[in-house]
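Student: Okay, here's the structure, questions in a sec.
The values are calculated or read from the model by the stated rules, or taken from the named source; none is laboratory data. Only a predicted model underlies this, so the values are computations on that prediction, with no experimental measurement involved. Here the Cβ positions follow ideal geometry from the backbone for every residue, glycine too, while neighbour counts run over all protein chains shown.
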Amino acid sequence: MLWIEKYRPEDFEDFVGQEHVAKRIKAFVEQKNIPHLLFSGPAGVGKSTLALIIAKKLFGDTWKHNFLELNASDSRGIDIIRNEVKDFARTRSLSTSTHKIIFLDESDALTKDAQQALRRTMETYSNSVRFILSCNYSTRIIDPIQSRCAIFRFKPLTLEQVTKVMDKIAKEEKLKIDKKVYGILHELSNGDLRRVENILQSCASINKNITESLTYEIVSAARPKEVKEVLNLAIKGDFLTARKILLKTMLEHSLTGLDIIKQIQKEIWNLDIPDNKKIDLINKCGEIEFRMVEGSDEFIQLEALLANFVKK
Amino acid sequence: MLWTEKYKPTKLNQVIQHPVEKLKKFVLNSKSALLIYGPTGIGKTSTIYALAQELNYELYELNASNFRNKEKILSLLGTSTQQKSLFNNGKVILIDELEGLSAIDRGAVKAIIEVIQNTSFPIILTTTSFDADKIEPLKKYCQILEFEPLTREAIAKKLEEIAKKEKLDYEPSALDYLARYSSGDLRAAITDLQVLSNKKITKEAILELGTREKTEEIKNVLLKIFKTKDINIAYEAISDKKSVVNLIDFGKTNRSPAVFSDDNALIYWIEENIPRNYQLNELSQAFDILSKVDVFQRQIMKSQHYRFLVYIGSLLSAGIANAKDKKPEKIILKKTRRSPKQNFRLWSLVSKRKYLIADKLATQTRLSTQRNLEELPYLKILLKNSKELQEQLELEKQDIDYLNKI
């Protein structure tokens, strides 16, 4: 089983991080009266988990009947969402007098028009249903929805919080984790607990003794190492080989131009070149990414970027 | 839908001009190899498809560009040339586009020969370059069949048939002109017809479309641009031949190169050959120009603002010529190997697999397929190692193969 599911907390007591949010949400739940909620924040910091805890606490054993989970980026279009919402909202909650809950994940994936439709849906069913929306950026949610919701901002987890969770897992799974690994994972994941647990589980599938080098091994395996090779070849002046490997990598891993440029931009910092050249290349990276969005042929754009690594 | 697909022959009697009887006889009676050669777009592959369909044979198709090394070929071909058809019908094996065989792998040709010598089914190979060195050793082991360029009349007739079915508004003489202009390439003619189909089809409209390149002419244009630093000479090279060389890929109607796509546009030829002739700063300057041209290319498709072509023309000729520091002593030109269409096909194949796995992950996590796609790189080692998860996610062999590869 994936640890991100196995170790998903079921109680406010086990929930780590976002103390300020959790405290207020807990008060809502205790009064059995929650408003529409908007959870905004980066990935892997507990938005879905908190929504689930709300449902479990409000409805107990019947939570599954009273909680509808939708994903805005998977459920194609607002019509599907509307229909599902309609079916779900038609009946009132069985067990208690409280409202049923619809959790709409990644709601910033909805277009402006779809959000307008969602707003109407929220109004229509406000007698029987409460919405919990989650998003990465609340600015992408239209004002009329924002104004109907209590907004909560979630923050990346701190090192202490990540450590706490890792220690708990280590105890359950009988892992031995090197001291340095905590810091490394916290930094690499930018406080995204899901990423931390995924990397940790990948490490553990190789060795229960989790060392610094094992961690780095897993993380670097996650990115095709060829990009670095391509850049170094270009710097050495072997453009033809560089582009051949680049094309092959893109095809074999089915990477898009944007996937590649993202990684090039990260890789530039680690290259063995003078600082002013690095700045120049980062600048170029941005320019090419812009043209890639405006242009039609990602590979020509990547070649143009690569040619700048050859330049003296 | 692409008309080239829509109007593909489904029966042998719909195939025009080619020696289908010989082909049929070979498939019915032989357990050896047949090499079909002929120029591009005349229906080599689609004839074989029509034949398989008519005989109700299973067709096992492989593209030679997938043959990276000997092991790969033997694994791709070895079993299929021995195994009976799944449905107990006959089977024919098609190795398409032999010219795409990478030259580095000398083992490749040897491996194909080995397969031919041991096959229990007819194998058909196709190529457009009969004289290429790399396929020379193969010829001894194959029967050989030539497919000739289609006649003007044959193409015109086919175009008229399509035009009627699609209820197009056309001048009959224009179709004839289109047919001549395609030099025997039916696929090109049908593609052009579809491109022209939104307006009345006239001779003028065809002229506007720009003639399909001829390799030699493109090479001449390229030579002039690469040789000179004089922007006037360079510009003349393209303005002279404006009607025969496509500057950009007019097929790029959207971001997906799967449709249309003109693999022979000048922009791709320049792209292919810049690094062979330009060094260091020349290289980056020349590619900077190409990158701008590509942005114009997209904006033309998006806004139909064809005036951008003026800048594209100047940049691709004078701009590229002027990007070099000094006149070169020697010019190296290679035919463009780039095929956006083919690359896209390969790319989507892998991409589909990735999505399938992410989909399966989505059933076990509270995450969208998209999010799972982002997490997949961090989970691949885990998924490879954990039999328990493989079972829980119902990963299939192909999924695990993919995970092992990346």
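Yes/no per residue for (1) surrounded by 19 or more Cβ atoms within 10 Å (Cβ to Cβ); (2) polar (S, T, N, Q):
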{"residue": "A:S40", "(1), (2)": "yes, yes"}
{"residue": "A:K47", "(1), (2)": "yes, no"}
{"residue": "A:L52", "(1), (2)": "yes, no"}
{"residue": "A:N83", "(1), (2)": "no, yes"}
{"residue": "A:T91", "(1), (2)": "no, yes"}
{"residue": "A:K100", "(1), (2)": "yes, no"}
{"residue": "A:L104", "(1), (2)": "yes, no"}
{"residue": "A:T111", "(1), (2)": "no, yes"}
{"residue": "A:A114", "(1), (2)": "no, no"}
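Student: Could you pull out the residue among B:K354, B:K302, B:K384, B:K335 that is part of a loop (DSSP other than H, G, I, E, B) and either touching a residue at least 24 places away in the same chain (Cβ under 8 Å) or within 12 Å of chain A (Cβ to nearest Cβ) (or both)? First the steps, then the outcome.
Tutor: Details: B:K354 fails: part of a loop (DSSP other than H, G, I, E, B); B:K302 fails: part of a loop (DSSP other than H, G, I, E, B); B:K384 fails: part of a loop (DSSP other than H, G, I, E, B).
Residue meeting the stated conditions: B:K335.
Student: Within the range A:142-162, which residues are surrounded by 19 or more Cβ atoms within 10 Å (Cβ to Cβ) and either in a loop (DSSP other than H, G, I, E, B) or touching a helix residue (DSSP H, G or I) at 6+ places or on another chain (Cβ under 6 Å) (or both)?
Tutor: A:I145, A:C149, A:F152, A:F154, A:L157, A:V162
Student: State all residues of the range B:263-290 that are of a type in the set (D, E, K, R) and more than 16 Å from B:N343 (Cβ to Cβ); if no residue qualifies, say none.
Tutor: Just the residues of the range B:263-290 that are of a type in the set (D, E, K, R), to begin with: B:263, B:271-272, B:276, B:282, B:288.
Matches in the range B:263-290: B:R276, B:E282, B:D288.
Student: What residue, of A:R243, A:R194, is within 25 Å of A:V45 (Cα to Cα) and either modelled with pLDDT of 95 or more or within 11 Å of another protein chain (Cβ to nearest Cβ) (or both)?
Tutor: Working: A:R243 fails: within 25 Å of A:V45 (Cα to Cα).
So the residue among A:R243, A:R194 that is within 25 Å of A:V45 (Cα to Cα) and either modelled with pLDDT of 95 or more or within 11 Å of another protein chain (Cβ to nearest Cβ) (or both) is A:R194.
Student: Name the single residue that is nearest to B:R366 (Cα to Cα) among those in the range A:59-81 being surrounded by fewer than 16 Cβ atoms within 10 Å (Cβ to Cβ) and modelled with pLDDT under 85. Walk me through it before giving the result.
Tutor: Just the residues of the range A:59-81 that are surrounded by fewer than 16 Cβ atoms within 10 Å (Cβ to Cβ), to begin with: A:60-62, A:64-65, A:76-77, A:79-80.
Subset that is modelled with pLDDT under 85: A:76-77, A:79-80.
On the way: A:R76: 17, A:G77: 19, A:D79: 22, A:I80: 19 Å.
The residue in question is A:R76.
Student: Next up: Does any residue of the range A:116-126 turn out to be within 22 Å of B:R371 (Cα to Cα), in contact (Cβ under 8 Å) with a residue 60 or more places away in the chain, touching a strand residue (DSSP E or B) at 6+ places or on another chain (Cβ under 9 Å) and not small (G, A, S)?
Tutor: Filtering the range A:116-126 for residues within 22 Å of B:R371 (Cα to Cα) gives none.
No, because not a single residue in the range A:116-126 is within 22 Å of B:R371 (Cα to Cα), in contact (Cβ under 8 Å) with a residue 60 or more places away in the chain, touching a strand residue (DSSP E or B) at 6+ places or on another chain (Cβ under 9 Å) and not small (G, A, S).
Student: When the residues of the range A:272-293 are filtered to those that are surrounded by 14 or more Cβ atoms within 10 Å (Cβ to Cβ) and of a type in the set (D, E), which remaining residue is nearest to B:W347 (Cα to Cα)?
Tutor: That would be A:E289.
Student: Something else now. So A:S134 passes all but one of these: (1) outside any helix (DSSP H, G or I); (2) over 30 Å from A:K86 (Cα atoms); (3) of a type outside the set (F, W, Y). Which condition number does it fail?
Tutor: For A:S134, the exception is condition (2).
Student: Restricting attention to helices (runs of 4 or more DSSP H) lying wholly within the range B:107-211, give those where 1 or more residues are among the β-branched types (V, I, T). Even if it seems obvious, please write down each step before you answer.
Tutor: Numbers: elements: B:136-139, B:152-165, B:172-181, B:186-196, B:203-209.
Because the criterion is at least 1 residues that are among the β-branched types (V, I, T), the helices (runs of 4 or more DSSP H) in the range B:107-211 that meet it are B:152-165, B:186-196, B:203-209.
Student: Take the residues in the range A:197-227 that are among the charged types (D, E, K, R) and in contact (Cβ under 8 Å) with a residue 40 or more places away in the chain, then tell me which one is farthest from the other protein chains (Cβ to nearest Cβ).
Tutor: The first filter runs over the range A:197-227 and keeps only residues among the charged types (D, E, K, R), leaving A:197, A:208, A:212, A:217, A:223, A:225-226.
Of the ones still in play, those that are also in contact (Cβ under 8 Å) with a residue 40 or more places away in the chain are A:197, A:223.
Values: A:E197: 10, A:R223: 7 Å.
Applying the filter and picking the extreme gives A:E197.
Student: How many residues are in a helix (DSSP H, G or I), within 22 Å of the chain's Cα centre (by Cα) and in contact (Cβ under 8 Å) with a residue 12 or more places away in the chain if we restrict to the range A:1-24? Walk me through it before giving the result.
Tutor: As a first pass, look at the range A:1-24 and keep what is in a helix (DSSP H, G or I): A:3-6, A:19-24.
Subset that is within 22 Å of the chain's Cα centre (by Cα): A:3-6, A:19-22.
Checking the rest, the ones that are also in contact (Cβ under 8 Å) with a residue 12 or more places away in the chain come to A:3-4, A:21-22.
Residues that pass the stated criteria total 4.
Student: Let me ask something additional. So which residues in the range B:312-326 are surrounded by fewer than 22 Cβ atoms within 10 Å (Cβ to Cβ), part of a helix (DSSP H, G or I) and away from chain A (no Cβ under 14 Å), if there are any at all?
Tutor: B:G313, B:S314, B:N322, listed by residue number.
Student: In addition: Can you say whether A:S138 is in contact (Cβ under 8 Å) with a residue 24 or more places away in the chain, hydroxyl-bearing (S, T, Y) and surrounded by 21 or more Cβ atoms within 10 Å (Cβ to Cβ), as far as the supplied structure shows?
Tutor: So A:S138 fails the test.
Student: Here are some conditions: (1) within 19 Å of the chain's Cα centre (by Cα); (2) charged (D, E, K, R); (3) part of a helix (DSSP H, G or I). A:E69 meets all but one. Which one does it not meet?
Tutor: Among (1) within 19 Å of the chain's Cα centre (by Cα); (2) charged (D, E, K, R); (3) part of a helix (DSSP H, G or I), the lone unmet condition for A:E69 is (3).
Student: Going by the conditions given, is A:S107 hydroxyl-bearing (S, T, Y), within 14 Å of another protein chain (Cβ to nearest Cβ) and within 30 Å of A:L159 (Cα to Cα)?
Tutor: Values: hydroxyl-bearing (S, T, Y): yes; within 14 Å of another protein chain (Cβ to nearest Cβ): yes; within 30 Å of A:L159 (Cα to Cα): yes.
Judged against the criteria, A:S107 is a match.
Student: Related question: Enumerate the pairs (first residue in the range A:233-257 and outside any helix (DSSP H, G or I); second residue anywhere and among the aliphatic types (A, V, I, L, M)) with beta-carbon separation below 7 Å, excluding pairs fewer than 6 apart on the same chain, so at least 6 apart or on different chains.
Tutor: A:G237/A:V310; A:S254/B:V350
Student: A further question on this structure: Could you please give the count of residues in the range A:259-278 that are assigned to a helix (DSSP H, G or I), in contact (Cβ under 8 Å) with a residue 40 or more places away in the chain and aliphatic (A, V, I, L, M)? First the steps, then the outcome.
Tutor: From the range A:259-278, those assigned to a helix (DSSP H, G or I) are A:259-268, A:275-278; that's our starting set.
Checking which are in contact (Cβ under 8 Å) with a residue 40 or more places away in the chain leaves us with A:260-261, A:263-264, A:267.
Those left that are additionally aliphatic (A, V, I, L, M): A:260-261, A:264.
Of the residues in that region, 3 qualify.
Student: Determine if the range B:342-350 includes at least one residue that is free of Cβ contacts under 8 Å to residues at least 12 places away in the same chain and more than 30 Å from B:N246 (Cα to Cα).
Tutor: No - not one qualifying residue is present in the range B:342-350.
Student: When you scan the range B:293-350, how many residues do you find that are more than 18 Å from B:F226 (Cα to Cα) and hydroxyl-bearing (S, T, Y)?
Tutor: Taking the range B:293-350 as the starting set, the residues that turn out to be more than 18 Å from B:F226 (Cα to Cα) are B:294-311, B:337-350.
Still in the list and also hydroxyl-bearing (S, T, Y): B:303, B:306, B:311, B:339, B:348.
The total comes to 5.
Student: Scan the range A:190-232 residue by residue and report those that are closer than 30 Å to B:T336 by Cα and assigned to a helix (DSSP H, G or I).
Tutor: Correct list: A:E226, A:V227, A:K228, A:E229, A:V230, A:L231, A:N232.
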